[in-house]
């Protein structure tokens, strides 16, 4: 199986590669169009800011390439948000794979919630083979200030300020808001499940 | 719901763990990767590696170490100690660090925080503050590992750092550090309730009750400790059972 991680200006790509190595799979990190198109599975990672990342992708025509992929694709964190329609983060048009708007968390005064959300939160209402054998309410590691609301593509829900999509799915595209590469055993199971899809 | 985090801190010198550790079930107590992996396995939520290596040359050892940690450990980790430039951070993140912490260099050059958060995102910029309550009752910022006093109030510096882009505050009370008499609840709560970003409390944790207190009364988002974990005075699984029993939400 040929697995690629899309290389672009949003880190931390190395952690994803190491996490895959821990479950016994070597991944190639590349921004080469032909190699990405020829891969069996594609991982679209990301930590960073939406508009800068989208600009980088557009300049290299990776935006069109990613949206047109037919093999299973897994977006992680910012990667998932970029797969949505639009992000409030610097008013950025994204890849429109998921028809969702990405919005800033707005906690009510006095509820003690911080933005960004940093730490371990639970995932529930788990659907699709991505979460096979992953127990309901497993803890995963999140670091994000923006979120995608729940909708028709939601395959996992997390509660912070309000319920929101901690994972999305449409056709061959999957996205997770948490970092499976940093989510201990649950994260490793989810990555292994993706590799089996 | 978001869980409160328990964070063991490992002091590193020339790529090895310093300060004693007392674990029978690992081969080499000096290897930070092995110790870190053991903590990850027993339920630590994050790790902090604090590099106390003095020379720049030996910094290479650090990036190699960060790479090994990232290869072997499946929870997030922060690297701190002597970080003073965007280039320093670039190297550490490229080797797999999730966050970096800055302290004295950021105080002397606050623009560093803005530069780092712009370049890498505020989620990976942790501002460490060493603070001490003086006879006047105020909490002041100290630099250089607590050796140099400033006239700046802890709250003023923390607020400014968050405005500049710090994504978390790691707050160490010098009055409490090493005492095992409990965390500094007042200043922790004041910071946590005032700032929009998470606060990690450090210094003084000696009993499991101290951790309950820092999460409930101190309003901390995370608690950090070193020797009580290294010397197995408190085991993380028991601590988490205890906290859950006290109504504190933790990941088990």
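The values are calculated or read from the model by the stated rules, or taken from the named source; none is laboratory data. Treat the numbers as computed from the prediction; the structure is a model and nothing was measured. Neighbour counts run over all protein chains shown; Cβ positions are idealised from the backbone, glycine included.
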Across region A:105-164, what is the number of residues that are in contact with a helix residue (DSSP H, G or I) (Cβ under 7 Å, 6 or more places away or on another chain), away from every other protein chain (no Cβ under 13 Å) and part of a loop (DSSP other than H, G, I, E, B)? 3
I need every pair where a residue in region A:14-27 that is facing chain B (nearest Cβ under 7 Å) has its Cβ under 6 Å from the Cβ of a residue that is surrounded by 13 or more Cβ atoms within 10 Å (Cβ to Cβ), sequence separation at least 6 or different chains. A:14/B:96; A:15/A:181; A:15/B:70; A:15/B:96; A:18/B:70; A:18/B:71; A:19/A:181
Could you list, in sequence order, the residues of region B:148-179 that are more than 14 Å from residue B:130 (Cα to Cα), modelled with pLDDT of 95 or more and surrounded by fewer than 18 Cβ atoms within 10 Å (Cβ to Cβ)? B:159, B:160, B:163
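Has region B:127-142 got at least one residue that is within 13 Å of chain A (Cβ to nearest Cβ) and outside any helix (DSSP H, G or I)? Walk me through how you get there before you give the answer.
Narrowing region B:127-142 to residues within 13 Å of chain A (Cβ to nearest Cβ): none.
No; the residues of region B:127-142 include none that is within 13 Å of chain A (Cβ to nearest Cβ) and outside any helix (DSSP H, G or I).
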Top-ranked residue of region A:41-60 - restricted to ones that are touching a strand residue (DSSP E or B) at 6+ places or on another chain (Cβ under 8 Å) and more than 14 Å from chain B (Cβ to nearest Cβ), ranked as surrounded by the most Cβ atoms within 10 Å (Cβ to Cβ): A:44
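Of all residues in region A:168-186, which are under 23 Å from residue A:151 (Cα atoms) and at the interface with chain B (Cβ under 10 Å from one of its Cβ atoms)? Spell out how you get there, then give the answer.
Our first condition is that a residue be under 23 Å from residue A:151 (Cα atoms); within region A:168-186, this holds for A:168-180.
Result: A:179, A:180.
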Being under 14 Å from the mean Cα position of the chain (by Cα), in contact (Cβ under 8 Å) with a residue 40 or more places away in the chain and within 14 Å of chain B (Cβ to nearest Cβ), is that true of even one residue in region A:65-76? yes
